[in-house]
Amino acid sequence: STMRKRKTTEPPHSSTDLSEGKEKLRLKQEVGLISGVSLIAGTMIGSGIFMSPEWVLHHMGSPASSLIIWAACGLLAMFGALSYAELGTIIKESGGEYIYILRIFGSFPAFLFAYTSVILVRPAGLAAVCLSFAEYAVAPFYPGCSSPQVVIKCTAAACILLLTIINCLNVRLATSVMNIFTAAKLLALLVIVVGGLVLLAKGQTQSFQNAFQNTTAGIGAVGVAFYQGLWSYDGWNNLNYVTEELKKPEVTLPRAVMIAIPLVTCLYLLVNVSYLAAMTPSELLSSGAVAVSWGDKVLGSWAWLISLSVALSTFGSSNGTFFSGGRVCYIAAREGHMPDILSMAHVRCLTPSPALLFTSAMSLIMIISGSFTSIVNFFSFIAWFFYGMTISGLLYLKIKKPELPRSYKVPIIIPIIVLMAAVYLVLAPIIDQPQIEILYIVLFIFSGVILYFPLVRFKCHPRFLQTVTLHLQLFLEVAPTTRDTN
């Protein structure tokens, strides 16, 4: 059948289906500590730090309160990642939230997550980052005027197609691209940080006088400010999507988290200080692209370097998002929650190419129909709903099954704080500023019920899908893979 439930005890598929019968086909363990840090930091540092500061300041009203939000977002991301690190050492499978929800809560909620993530959340996140990459990449060709939407969308589509080729060819090539672009974007952020420190040394501190003046206190405004800040930290959980591809996951996962997230948090705070040193709060609020405005003020004729840096940064981030997003689709298919073809890997490249191609196609659809600003808040709403569910699963395991072997333990207060934050982030904007779009998102999540019962629970599959799967398998040169739980 085209979709099937595979239990952990099921004998693994081997490449005997296609070849000589000795070697099992599986994804390689290519991700070490440096690549792990790059995957987390490289995905987190994308378009957010260059585009979100003005929105955090807009919702919070004062420079000091916006800096507190940035620090709190970093702390929350750190707590969330440490909680996920423990989950990753208990359940040593790729797939992130999907696999944890499946193993702890069962098939139905895991299917709803996979359905929402694969069809909507991951492609939307990738489309948003690629659209921001395209805006910065084409801006130098249209000086003094806004770039045509058709050019931006075509550039974003070209970015997705290039990422598809890189990720389908080789895991090592994809991680090398990640490492190079992470180094480039860290360098760009250091330029902004050093520039800001020079300005402060020269006495440009007017933004920090009466820094709490005009602070907003509404719970909804604070919630939306958190959404904008957390968008810049999104990616803190990316390493959990590729656990099976990590070298020594029980060591690499916690270490990579403890290096990457404090590094990114410190950089974000220093970059925000630099923005506020160069511009007054009102100038920052009226800026369309904060980093470019900073470059114009501080670097003068070298300002083009900032546009180039942002383009490189967003490309690297979209590569990380694509790398991990394709794995959710692949793991969900392997567990019988998506068409079987998506659970296969290329017989020579050993990459989950059908899942990557599907993610690419969905992202291209999002690019045609959406824009960057329309995605962030609703992306965050769904993400934190499922983060909360996953963290409650960890609390269940800590309380009810403390005997399970784990190489890393997080103090129980940390997941409790993350769960409280998740509940706040989901409920605060609904209570304070209810929007009809949130209702549409909830309806979309639960529309998965219509598909779950006939296709997954009762396995009612049209016969022609078997033929389609077989032809696609031959055309794409892919075969079923074995589960590698280290």
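The values are calculated or read from the model by the stated rules, or taken from the named source; none is laboratory data. These figures come from a predicted structure and were not determined experimentally. Note that each Cβ is placed from the backbone with ideal geometry, even for glycine, and that neighbours are counted across all protein chains shown. Keep in mind that these areas ignore ligands, DNA and RNA; they rest on the heavy atoms of the full protein, side chains included. Shrake-Rupley method; radii C 1.70, N 1.55, O 1.52, S 1.80 Å.
Before moving on, here are some points about what is shown:
- Pairwise FRET efficiency - residue 432 versus residue 198, Cβ, R0 = 51 Å, nearest 0.05: 0.80
- Heavy-atom surface analysis with a 1.4 Å probe gives the chain a carbon and sulfur content of 68 percent of its accessible area.
- Accessible surface of residue 234 - all protein chains present, 1.4 Å probe, nearest 10 Å²: 40 Å²
- Under conditions of 25 °C and 0.890 mPa s, region 331-486 yields 127 µm² s⁻¹ as its translational diffusion coefficient, taking Rh as the Kirkwood radius over Cα pairs in the Stokes-Einstein equation.
- Percent of Cα-Cα distances greater than 14 Å, calculated over region 438-479: 65 percent
- Cβ-derived FRET efficiency at R0 56 Å, residue 400 paired with residue 304, nearest 0.05: 0.45
- Between 0 and 90°, nearest 10: helix 436-446 axis offset from the chain longest Cα axis: 20 degrees
- Taking the C-alpha atoms of the chain, convex hull volume expressed per residue in Å³: 144 Å³
- Too-long pairs where the Cα-Cα distance tops 27 Å, listed order kept, from 153/247; 153/297; 248/409; 185/409; 92/398; 185/247: 153/247; 153/297; 185/409
- Using R0 = 51 Å, the C-beta based FRET efficiency linking residue 266 and residue 463 works out to 0.35.
- Overall shape: oblate for region 307-404, with the ratio a/c of the largest to smallest alpha carbon gyration tensor axis at 1.5 or above and b/c at least equal to a/b.
- To the nearest ten degrees, helix 464-476 and the longest principal axis of the Cα atoms of the chain are 70 degrees apart.
- Residue 457 sits with roughly 130 Å² accessible to a 1.4 Å probe, with DNA, RNA and ligands left out of the calculation.
- Gyration tensor verdict on region 262-315 (Cα atoms; rounded if a/c is under 1.5, prolate if a/b is larger than b/c, oblate otherwise): oblate
- Value of relative contact order over region 33-478, rounded to a whole percent, pairs C-alpha under 8 Å and six or more apart: 34 percent
- Alpha-carbon Rg/Rh ratio, for region 47-186, with Rh computed the Kirkwood way: 1.02
- J(HN,Hα) series, region 188-195, from Karplus relation 6.51 cos²θ - 1.76 cosθ + 1.60, nearest Hz, glycine and proline x: 4, 5, 5, 4, 5, 4, 4, x
- From most to least packed by mean Cβ count within 10 Å, the peptides 141-148, 223-230 give 223-230, 141-148.
- Estimated vicinal HN-Hα couplings, Hz - region 258-269 in sequence order (Karplus 6.51, -1.76, 1.60; Gly, Pro = x): 5, 8, 5, 6, x, 4, 5, 4, 4, 4, 4, 5
- Taking label points 7 Å from Cα along the Cα-to-Cβ direction, residue 33 and residue 369 give a separation of 4.5 nm.
- Dmax and Rg, reported as Rg then Dmax, of region 382-423 (C-alpha, Å): 10.7, 32
- Principal-axis tilt of helix 63-90 within the chain, Cα atoms, nearest 10 degrees: 20 degrees
- What the phi angles of region 164-181 give under the Karplus curve with 6.51, -1.76 and 1.60, with θ = phi - 60°, is a coupling list of 4, 4, 4, 6, 6, 6, 6, 5, 5, 4, 5, 6, 5, 4, 4, 4, 5, 6 Hz, glycine and proline written as x.
- For a modelled paramagnetic label at residue 173, 7 Å from Cα along Cα-to-Cβ, no residue of region 455-482 is in reach, as no backbone nitrogen comes under 11 Å.
- Whole-number accessible area per residue in Å² for the chain, which is evaluated in the context of all protein chains at 1.4 Å: 40 Å²
- Under 5 Å between amide hydrogens, built in the peptide plane, is the criterion, and for residue 345 it picks out 479, 481 among residues at least 5 positions away or on other chains.
- Translational diffusion coefficient (Stokes-Einstein; Kirkwood radius from C-alpha pairs) of region 71-145 at 37 °C, 0.692 mPa s, in µm²/s: 214 µm²/s
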